[in-house]
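One structure below.
A short reminder: the numbers here are calculations on the coordinates, not readings from a lab. Quantities reported herein were computed from a predicted structural model and do not represent experimental measurements. Backbone-built Cβ (ideal geometry, glycine too); neighbour counts: all protein chains shown.
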Amino acid sequence: MSHVLAAVAWPYANGPRHIGHVSGFGVPSDVFSRYMRMAGHDVLMVSGTDEHGTPIQVQADNEGVSPRELADRYNRIIVEDLHGLGLSYDLFTRTTTGNHYAVVQEIFETMYRNGYIVPRVTMGAISPSTGRTLPDRYIEGTCPICGYDSARGDQCDNCGNQLDPIDLVNPRSKINGETPKFVETEHFFLDLPAFAEALAKWLDTREGWRPNVLRFSRNLLDDLQPRAITRDLEWGVPIPLEGWRDRSDKRIYVWFDAVIGYLSASIEWARRSGDPEAWRKWWSADGEGKDALGYYFMGKDNIVFHSVIWPALLLGYSGAGDRDGQPGNLGPLNLPTEVVSSEFLTMEGRKFSSSRRVVIYVRDFLERYDADALRYFIAVAGPESNDTDFTWAEFLRRNNDELVAGWGNLVNRSISMAAKNFGGIPPIDAAGLTEADEALLAVARAGFATVGDLIGKHRQKQAIGEAMRVVAEANRYLSDQAPWKLKGDEEKPRMGTILHVALQVVSDANTLLTPFLPHSAQKIHELLGGTGVHAPMPSIVEVEDLDGGPSYPVLTGDYSVGARWESVPIEAGRPLAAPKPVFRKLDPSIVDEELARLSG
Ligand SMILES: [Zn+2]
């Protein structure tokens, strides 16, 4: 048994989630966490909404609301989106809590004291007519990298590169169009080169990473530069240093505070659990957490933050970079075990784009289809290690041909036949099991090692393929044995044995598929006459801010209950009722309907 941290990338709170957002790491991190819990590990799965930074400030300005109001709105919507998919967070919180501010400031102060955060004079923009500082979001110009003519002072929305206002070609003030004047100003920089050696040593010890992620991470070390971690902005975590704390025009950069969320959310979870120190079991490098495992899930555009920047912060905080130093109040902290990065999902051959309506939001999807239908698609055809295209035709095919005709059909016909002919789970007859019976049972039992091992290695596509292979074998067994032909009194006991074997394999396959399809797994557990929780679900709970701020919704749950990762013998004699279909067959007309919605 290990302590396993599942650290899931933080969605930015500027809109609802679309299925591209949840395909790469949202659902896969849940599959992993559910499996690890079923296998007996102590999992802590945390994330939250990322709510600071210029884009939220700009969007709030455009809508005439405060950034906090905008963040409140999308925090709530995103919590509902993730809840609808059944993602089993121990805590899904947000970055605007008192707890998060305190943890971010603790990391900043300690790293500053250890010499890893250094002040630097840079060129900042002021308005020539008023003499006042022009925040990054009020400066626009042409991107020096891609030539896009409306790049913002801190980032180009076209090519995604981070910028400085002074890099812009033809910079202009968005307030009055004047050309800003650049004057000397002080900002804080993270001294990344001071971690190059420690990071290289750490990366050299990593095993089992997807090769492209490891290669990409190593290459990043060749060109480490000090990186600005404060901005000219009012919306964010204040800089916790004398003379800076009370300044309203400088804030910690959003990416610096967001990566610290994994730690602050773990601490918040512990404070809410009644044991404020409990987070140490997943984090303390010198204590009870030293053998803990930490898996970080994200899209490939965020690798740098998880394989370079976050480890650098953890090293600096622990006093383990080139300049050494003393760990802060939280003690030395664990580096990630593995950075699990996914590729991108496209939609009908195009990039997801809310503005061009090449999008389907999670909430709209869940209004028309079941969560497990999407979870199944993501597991078998998601962007695990290649960019992947979502098409409605493929979604229809996977749902109807595999989920409904394969798994749904096996569940439905074996339970119906047993209910109709025996009223319950039939016993194995006196003649015992045949070779074919034993062979099928062995295939299902072997699935626990194979499927579990693959999920543990983040090869979920192959894992669900193996689970569905058990389903296919069971369907073939039923066709071969044809129990429906065994009608007379003499043949009925053998019919009972065949159905007993089939139902045992349904029960095993259901357990193998539980991490992927938790909603339907619970239903199938009940159809088999089971009671109680088989696949625990998260709930949305309104909580008070622990440090006096406004209340907010979190996603949390009790996942200590539910099925274990093992074959459980079914009980002969347990009553069964004729089942309703668990999965919905979709009409082919949905393809044209959805394509019409896409093109607007
Ligand atoms: Zn650009």
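Annotation: amide H of G294 within the under-5 Å range of L5, T337, E338, sequence separation 5 or more or interchain, hydrogens built in the peptide plane. By the helix-only formula, in which each DSSP H run with n ≥ 4 contributes -39500 (n - 2.57) and the sum is divided by residues, the chain has a 222 nm mean residue ellipticity of -12000 deg cm²/dmol. Restricting the trypsin sites (Lys or Arg not before Pro) of the range 439-488 to loop positions (DSSP other than H, G, I, E, B) with no more than 11 neighbouring Cβ atoms within 10 Å leaves K487. Computed extension length for D149-T346: 68.3 nm, one decimal, from 0.36 nm per residue of separation with the Cα-Cα distance subtracted. Cα centroid separation, the range 525-540 to the range 44-80: 33 Å. As a rough guide to protection, the peptides 310-323, 416-429 ranked by mean Cβ packing within 10 Å, highest first, stand as 310-323, 416-429.
Here the dipole of the range 435-538 is about 420 debye; that uses its Cα centre as origin and unit charges on the Cβ of Lys and Arg (positive) and Asp and Glu (negative). Amide hydrogen proximity for R251: with H placed 1.01 Å from N in the peptide plane, the residues at 5 or more positions away or on another chain lying under 5 Å are R231, L233. Note on K485: lysines with a C-alpha under 16 Å away, same-chain residues under 8 apart excluded, are K420. Shape analysis of the range 379-515 based on the Cα gyration tensor places the equivalent ellipsoid semi-axes at 32, 17, 10 Å, largest first. Measuring between their Cα centroids, the range 13-38 and the range 434-490 lie 28 Å from each other. If you wrap the tightest convex hull around every Cα atom of the range 56-112 and split its volume per residue, you get 111 Å³. Backbone phi angles across the range 449-461, fed through the Karplus curve with coefficients 6.51, -1.76 and 1.60 (θ = phi - 60°), yield HN-Hα couplings of 6, 5, 5, x, 4, 5, 5, x, 9, 6, 10, 6, 4 Hz in residue order; Gly and Pro are listed as x. When the alpha carbon gyration tensor of the range 479-600 is reduced to an equivalent ellipsoid, the three semi-axes, largest first, read 40, 25, 11 Å. Could you tally the net charge around P165, taking each other residue with its Cβ under 9 Å from the Cβ of P165, Lys/Arg +1 and Asp/Glu -1? Around P165, the charge tally is -4. Per the Cα gyration tensor, the chain maps to an equivalent ellipsoid with semi-axes of 51, 26, 20 Å, ordered largest to smallest. About its Cα centre, the dipole of the range 297-385 is roughly 380 debye, where the only charges are +1 on Lys and Arg Cβ and -1 on Asp and Glu Cβ. Taking 0.36 nm per residue of separation and subtracting the current Cα-Cα distance, fully stretching the chain between R584 and R113 would add 163.6 nm. A simple spin-label model places pseudo-atoms 7 Å from Cα toward Cβ; at R132 and T434 they are separated by 8.6 nm.
Net charge of the neighbourhood of F216, taken over other residues with C-beta under 13 Å away and scored Lys/Arg +1, Asp/Glu -1, is +1.
Annotation: lysines with alpha-carbon distance below 19 angstrom to K201 (same-chain offsets under eight excluded): K290.
Amide H to amide H distances under 5 Å link E178 with S173, where only residues 5 or more positions off or on other chains count and H is placed in the peptide plane. Quotient of the Cα radius of gyration of the range 299-359 and 2.2 N^0.38 Å, N being its number of residues: 1.72. Grab the other residues whose beta carbon is less than 11 angstrom from that of F297, score K and R as +1, D and E as -1, and report the net. Residues near F297 contribute -2 overall. Rounded, prolate or oblate: which fits the range 137-275 when a ≥ b ≥ c are the square roots of the eigenvalues of the alpha-carbon gyration tensor, with rounded for a/c under 1.5 and prolate only if a/b beats b/c? It is oblate, given that a/c is not under 1.5 and a/b is not larger than b/c.
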